[in-house]
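Working notes, beginning with the structure itself.
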Amino acid sequence: MGVIIRTIKDIEGCHHIQIVEKLIWADDDEILIPTHVLITVAKNGGGLLGAYADDGPAESGGMVGFALWWLGAGTPHGEQSQRLKVCSHIVGVLPGWQGRRIGLQLKLAQRDAVLAQGLTDWVTWTYDPLYRANGVFNIHRLGATCNTYYRNVYGEMQDILNKGMPSDRCQVDWRLNDPHVPRSLDDRPPPRTWDPAQMHILPVSRRTDGFQAPVETMLPLDGAPLAAPIPDDIAAIRAADSALSLAWRFYLRNVFEEAFAAGYTMGDCASLDGRGWFYVLTQSQK
Ligand SMILES: CC(C)(COP(=O)(O)OP(=O)(O)OC[C@H]1O[C@@H](n2cnc3c(N)ncnc32)[C@H](O)[C@@H]1OP(=O)(O)O)[C@@H](O)C(=O)NCCC(=O)NCCS
């Protein structure tokens, strides 16, 4: 299957993005990103990339994924003054094309474009830490880190992936020249190794219906790495038991807020000893 990543600069490409948006998030037309905003971003130092596949839908001109970002400013953790950064707003791949490394190609192309622009090597974006694939993608595969957590940052969202849950998000930092950031598709920076005996692995229970449930516990914030469980499939949990999905939301909110306040950084997402995937938080260097 051939996939080409193209820079989008015209209205036709912006319409393709809207169609892909609708197919991923099942949004109303009313809450799609307007084409006049997309084109303005593209023409004013931001970025729009489309991934086009040979077997992509005719209605989107073959587009199966896209990335959107713009220039912004923010204060890096532990610093006092603002710096220029790239705010990466959305990366999306159509469900039937997910898992084929198209998201990875889009992020690598974004990295190349931002470095070629030459204004900054710092990119941030937000993601929902309950979605395990996104956590593995952002933290483990792309080498982003996180020590910023926002409660309900976008208010109550109406699309199918977000409806009915407070829109809490982790904001990640992607330092494009960090050695843990891949440079190409097959580049896998050296994995970090974690010894379960030397870390606090937070407990999780398995219910009779097969779903994992978080276990409330005092956070052992004594400086040893902390491993926080990620549910296997939050979409299935949301569909079957909305109270359980909310319990996961509030549980991870509490873990991240407490750990970040105590100086921890989420620096990896790892599969530990066959126990499933965990966010690994370590105490930041002072
Ligand atoms: C998140 C998203 C963009 C990832 O794109 P994708 O094309 O499916 O991902 P890729 O195939 O490029 O995978 C990249 C890496 O993520 C990880 N990954 C992807 N799917 C995974 C899964 N189901 N479970 C665990 N890890 C996964 C892998 O490490 C993979 O790298 P590898 O194949 O080299 O090991 C895509 O799933 C998506 O559009 N989801 C819905 C919209 C969304 O949540 N967007 C992000 C917030 S705006």
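The values are calculated or read from the model by the stated rules, or taken from the named source; none is laboratory data. Remember, predicted model here, so these are calculated numbers, not experimental data. Positions of Cβ are generated from backbone atoms using ideal geometry, with glycine treated the same way; all protein chains shown enter the neighbour counts. Only protein heavy atoms, including side chains, enter the accessible area calculation; ligands, DNA and RNA are left aside. Shrake-Rupley method; radii C 1.70, N 1.55, O 1.52, S 1.80 Å.
Per-residue answers, yes or no, for (1) assigned to a loop (DSSP other than H, G, I, E, B); (2) under 21 Å from residue 107 (Cβ atoms):
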site: 147; (1), (2): no, yes
site: 167; (1), (2): yes, no
site: 205; (1), (2): no, no
site: 227; (1), (2): no, no
site: 235; (1), (2): no, no
site: 245; (1), (2): no, no
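Return a yes/no flag: does region 112-125 have any residue that is in contact with a His (Cβ under 9 Å, 6 or more places away or on another chain) and either β-branched (Val, Ile, Thr) or within 12 Å of the ligand (Cβ to nearest atom) (or both).
Here is the first cut: in region 112-125, the ones in contact with a His (Cβ under 9 Å, 6 or more places away or on another chain) are 125.
Narrowing further to those that are either β-branched (Val, Ile, Thr) or within 12 Å of the ligand (Cβ to nearest atom) (or both): 125.
Yes, region 112-125 contains a residue that is in contact with a His (Cβ under 9 Å, 6 or more places away or on another chain) and either β-branched (Val, Ile, Thr) or within 12 Å of the ligand (Cβ to nearest atom) (or both).
Can you find even one residue in region 200-220 that is touching a residue at least 60 places away in the same chain (Cβ under 8 Å), in the same structural domain as residue 264 (by TED's automatic domain parsing) and open to solvent by 30 Å² or more (accessible area, probe 1.4 Å)? For region 200-220, residues touching a residue at least 60 places away in the same chain (Cβ under 8 Å), in the same structural domain as residue 264 (by TED's automatic domain parsing) and open to solvent by 30 Å² or more (accessible area, probe 1.4 Å): present. I'd like the residue in region 134-162 that is open to solvent by 40 Å² or more (accessible area, probe 1.4 Å) and among the aliphatic types (A, V, I, L, M) and, out of all such residues, is modelled with the highest pLDDT. Filtering first and then ranking leaves 153. Residue 95 meets each of the listed conditions (1) touching a Leu at 6+ places or on another chain (Cβ under 9 Å); (2) surrounded by 17 or more Cβ atoms within 10 Å (Cβ to Cβ) apart from (2). The set of residues in region 252-269 being open to solvent by less than 10 Å² (accessible area, probe 1.4 Å) and either part of a helix (DSSP H, G or I) or hydrophobic (A, V, I, L, M, F, W, C) (or both) consists of 252, 255, 256, 259, 266, 269.
Here is a yes/no grid of residues against (1) of a type outside the set (A, V, I, L, M, F, W, C); (2) under 30 Å from residue 156 (Cβ atoms):
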position	(1), (2)
217	yes, yes
225	yes, no
234	no, yes
254	yes, yes
257	yes, yes
273	yes, no
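Taking every residue in region 99-110 that is closer than 10 Å to residue 49 by Cα and pairing it with any residue that is near the ligand (Cβ under 6 Å from one of its atoms), at least 6 positions away or on another chain, the pairs with Cβ-Cβ distances below 7 Å are 106/91; 107/91. Do we find that residue 131 is among the aromatic types (Phe, Trp, Tyr), touching a residue at least 60 places away in the same chain (Cβ under 8 Å), within 16 Å of the ligand (Cβ to nearest atom) and open to solvent by 30 Å² or more (accessible area, probe 1.4 Å) in this structure? So residue 131 fits the description; yes.
Applying the condition of being closer than 28 Å to residue 145 by Cβ and of a type in the set (D, E, K, R) to region 49-100 and asking which residue is farthest from the ligand (Cβ to nearest atom) yields 79.
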